[in-house]
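Report on the following structure.
The values are calculated or read from the model by the stated rules, or taken from the named source; none is laboratory data. Because the structure is a prediction, the values reported are computed rather than measured. With ideal geometry, Cβ positions are generated from the backbone for all residues, glycine too; neighbour counts draw on all protein chains shown. Just so you know, the surface numbers come from the protein's heavy atoms only, side chains and all, with ligands and any DNA or RNA stripped out. Shrake-Rupley method; radii C 1.70, N 1.55, O 1.52, S 1.80 Å.
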Amino acid sequence: MKRLYRNCLFKLLTTPFTYMICGAAVIFAALQFFITQRFFSDAGTSDLHRFFSGIPYACTLAVPALGSFIPFTRNDLSLPVPAHRLTAARILSLLTVTASALALTLPVPIAVSFFGDIEPSTLICGYIGLILYLTATCAFSVASYTAISSTGFAFIVQSLVLAAVNGIHLLAGYVQMGDMLSSAMRAISFAWHFDAAGKGIIDSRDIVFYASVTALLLLSGTLAIEAKRGTIGSFMRRIAILSVAAFVLLAVDSGRIYFRIDTTSAKRFSVSAYSTAIIGRISEPMSITYYRTPSLRNIQPQVRDIEDFLQVYASASDKISYSVVDPSKDGVASRLSAYGIQGQRIQSTGKDTTSYTTVYSAVVISYMGETRTIPFVMSTATLEFNLAEKLDSMMRGNTRYVQVVVGNGLSLEEDYAYITPWLETQGFQAVQTYLPSEMSDGMEESFTLFPNVPLIVLGTSMFTQEDSQALMNFIRGNGKAVIMTAPYTVDIRKDWSVIPLNDYVVYGLQEFGIYARDTITCSTENFKLALYSQTEAGAVTPSQAEYTDYAMWPSLKSQENAVDGMYTFWPSAIDFDADVARDAGMELREYLHTGDDAWQRGKVGGKFVTNPFALHPYPDEGEETGRYTLAVSMNASGERNPSLIVIGDQYSCSTEMIGYSSTQGSIDTRALDFLSNGLLSVSGENALLELKKSAKTNTALYKTSLERLYESRIPVMVSVCAIPLLMLLAVWIAVSIGRKKLNARLLK
């Protein structure tokens, strides 16, 4: 066995084509990751899932090409070696070369680590998943070259099959097929079985799949050799039948009896201690029902994570029953409608057409006559937070209310349309209240009537002096508030003109040592604004769009209170005086900040210049530069939780600005998430907030500026390509020298 292995490995290492193929595959894997996900732009992330998922596509041609150098020949039939050893030796030698080539891709995650965080467990699990995939792929290559006499035809067959199994589960999104066929396609798809490993989860079902496939292919190669030798007897036939039967039974049992190990540092896919404590308070039977459209599971591998997590969550108590229900069954859709759950439309693209399919992925929790719902869930990112919040609310038998005051003349229903539904998804029931001065206009409720209900203030330009005093009294009375304000307003609907004003709330906050600057904070890390040209008739021509850095819309990097970062719009920097706050019995802390490349833009000729065509994305000479605070938190001395958060930006949660920052088909909810997290913080929901934060992975490239990231694109891509090539060259030189020395000894 050892000699056979060394002989096959020698054949692979002594041909220069092996090094060319490995080098091409490594370069493809590296460049497809950096280029296709636009790594060196504001869209880049440190998430390596796309990197891992791209490697099998490189293997589609690379593994069959390498396998062609060690094909089975007729001379092998005469070797006095068992057939299974001949097959195993080829598989191991081919796996050695491909696994070594896989190791040469390590410069990619190493390079990524200089720009963002990479979780070691995810990296290790990803490579383990790829090793399992390579083992099965090498076994398939050897079995094909053994069974098919024509090397060229075997190469074509392998390439086509490997290309199919890399994404065959996606076919269900384009072609209507039965559940049995779609399940079979899902079962042999690499993307489906690799999805868990790429997230840092060791799933026994995936290990069993790759191990079983490898064993069957080893058996297939062995039988092919025995058939060519003419030595297949009844014993070998029985072995083949029993092996296939064992594979089928193992595949069935692995889907029923399995284990999952969550290796992530934050245990994002495990039930937390906080959830366990809540579950422990359940005294009566509870049901958790997952309403899922069957076709959704075929095209979204992460749906399996949802099902698995819900099952683990329910198994934490014998009082919880869990079930999965098909919404297409009779009467189910009307039941979901009664719960307020509507189907979501997702896009399906065919060869010549694009269609939309309505799908359900909702969770309904029932307990003691009460019902809570998660209307739509597509990942486990916030699933545990949502479950814990719903269960805790049901256990306590109350609702988390929050009052919202719009104090800048805009409308909550239109100008801040996302806030109310977003807060509802976070477990808060939003109620609009009004300023005391507006009560004379027939408004029903002032925020002063609810001193124990947390308050969100969106802008303060409409506050009278009496309104401001009422707000300060609310804060002094230990009221909980999140205030979004600035000493100016912006006409966000028209020309973006900035109107400075004497804001009574801004002045009132100075009592606590909080000072909002009357300048606009700008940054080189900012939003790229698309400017469209117009024809003489006034028609917009999107094809002639020009992108410019709009410095007055800073892009904040990932930080403690904004894990995913966020955009801010014409923000006002905030200074704070700890001594003044101490005299008032309070403590102040920085809550949100810019990067080090920000600056303060003042008025020019008595007014702010906001026109994107006239605004340059760098500071003028004499303008103050550095890092600035954009939000502060205030808490009573000795208290852990803040009672007040002040943010120098009143437009980041507006409908208009969210529309700018969102991409087609995806709403940018980062500012909304920042707002709801601040609300959890002032409400004292620390455990729930930490649970929510721990479920998120920081994939932002926060270790460098966007400008430096872009400048590093050529050096990084050259390095991750050159290092593997140099290593391959070094190995080739070493092998060549060793081969010459061996030939010289043999000649003597």
Pairs with Cβ under 7 Å, 6+ apart, first in the range 722-748 and open to solvent by 70 Å² or more (accessible area, probe 1.4 Å), second aromatic (F, W, Y) and in a helix (DSSP H, G or I)
W732/Y19
Scanning the range 592-616 residue by residue, the ones that are within 14 Å of S572 (Cβ to Cβ) and not in a loop (DSSP other than H, G, I, E, B) total 6
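Give the residue that is farthest from Q650 (Cα to Cα), with candidates limited to residues of the range 423-474 that are small (G, A, S) and in contact with a Gly (Cβ under 9 Å, 6 or more places away or on another chain).
By that ranking, first place goes to S468.
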Conditions: (1) over 21 Å from V208 (Cα atoms); (2) open to solvent by 40 Å² or more (accessible area, probe 1.4 Å); (3) at pLDDT 90 or above; (4) within 23 Å of the chain's Cα centre (by Cα). F155 meets all but one. Number of the miss?
(4)
Condition check for Y628: touching an Asp or Glu at 6+ places or on another chain (Cβ under 8 Å), under 23 Å from I499 (Cβ atoms) and modelled with pLDDT of 90 or more
no
Quick check on the range 621-637. Is at least one of its residues without any contact (Cβ under 8 Å) to a residue 40 or more places away in the chain, open to solvent by 20 Å² or more (accessible area, probe 1.4 Å) and within 30 Å of the chain's Cα centre (by Cα)?
yes
In the range 46-86, the residues that are free of Cβ contacts under 8 Å to residues at least 40 places away in the same chain and either of a type in the set (F, W, Y) or touching a strand residue (DSSP E or B) at 6+ places or on another chain (Cβ under 8 Å) (or both)
none
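Go through the range 395-416 and report how many residues are open to solvent by 10 Å² or more (accessible area, probe 1.4 Å) and either part of a helix (DSSP H, G or I) or modelled with pLDDT of 85 or more (or both).
Quick first cut of the range 395-416, residues open to solvent by 10 Å² or more (accessible area, probe 1.4 Å) only: 395-401, 406, 408-415.
With either part of a helix (DSSP H, G or I) or modelled with pLDDT of 85 or more (or both) added as a condition, the list becomes 395-396, 400-401, 406, 408-415.
Matching residues across the range 395-416 total 13.
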Considering only helices (runs of 4 or more DSSP H) wholly within the range 168-287, the ones with at least 1 residues that are open to solvent by less than 40 Å² (accessible area, probe 1.4 Å) and either at pLDDT below 80 or over 30 Å from N698 (Cβ atoms) (or both) are 179-187, 190-198, 204-229, 234-254
Just to be sure before I move on: is Y145 assigned to a helix (DSSP H, G or I), modelled with pLDDT under 95, closer than 30 Å to M717 by Cβ and aromatic (F, W, Y) in the structure I sent?
no
Any hit, the range 560-576, residues being modelled with pLDDT under 90, within 28 Å of the chain's Cα centre (by Cα) and either outside any loop (DSSP other than H, G, I, E, B) or of a type in the set (S, T, N, Q) (or both)
no
Residue pairs, Cβ under 9 Å, 6 or more apart or interchain, first in the range 605-620 and open to solvent by 60 Å² or more (accessible area, probe 1.4 Å), second assigned to a loop (DSSP other than H, G, I, E, B). List them.
K607/S497; N611/D495; N611/W496; Y618/T524
What number of residues within the range 504-539 satisfy the criterion of being at pLDDT below 90 and open to solvent by 80 Å² or more (accessible area, probe 1.4 Å)?
5
Please determine whether any residue of the range 296-303 is modelled with pLDDT under 90, part of a helix (DSSP H, G or I) and in contact with a Gly (Cβ under 9 Å, 6 or more places away or on another chain).
yes
Going residue by residue through the range 648-655, is there one that turns out to be more than 28 Å from F569 (Cβ to Cβ), open to solvent by 30 Å² or more (accessible area, probe 1.4 Å) and touching a residue at least 24 places away in the same chain (Cβ under 8 Å)?
no
I want to confirm something. Restricting to the range 577-590 and keeping residues that are assigned to a strand (DSSP E or B) and without any contact (Cβ under 8 Å) to a residue 60 or more places away in the chain, which single residue is farthest from R517 (Cα to Cα)?
E587
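Please enumerate the residues belonging to the range 703-720 that are surrounded by fewer than 18 Cβ atoms within 10 Å (Cβ to Cβ) and in contact (Cβ under 8 Å) with a residue 24 or more places away in the chain. Let's see the steps before the verdict.
The first filter runs over the range 703-720 and keeps only residues surrounded by fewer than 18 Cβ atoms within 10 Å (Cβ to Cβ), leaving 703-705, 707-708, 710-715, 718-719.
Selection gives K703, T704, S705, E707, Y710, S712, R713, S719.
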Which members of the range 670-697 meet the condition of being surrounded by fewer than 19 Cβ atoms within 10 Å (Cβ to Cβ), under 17 Å from the mean Cα position of the chain (by Cα) and outside any helix (DSSP H, G or I)?
K696
If L13 passes every condition in (1) surrounded by fewer than 20 Cβ atoms within 10 Å (Cβ to Cβ); (2) over 25 Å from T122 (Cα atoms) but one, which one does it miss?
(1)
Test for G459: is it at positive phi and modelled with pLDDT under 90
no
Cβ pairs under 9 Å, 6+ apart or interchain, first in the range 23-36 and free of Cβ contacts under 8 Å to residues at least 24 places away in the same chain, second open to solvent by 30 Å² or more (accessible area, probe 1.4 Å) and assigned to a helix (DSSP H, G or I), ordered by first then second residue, are I35/M717; T36/R50
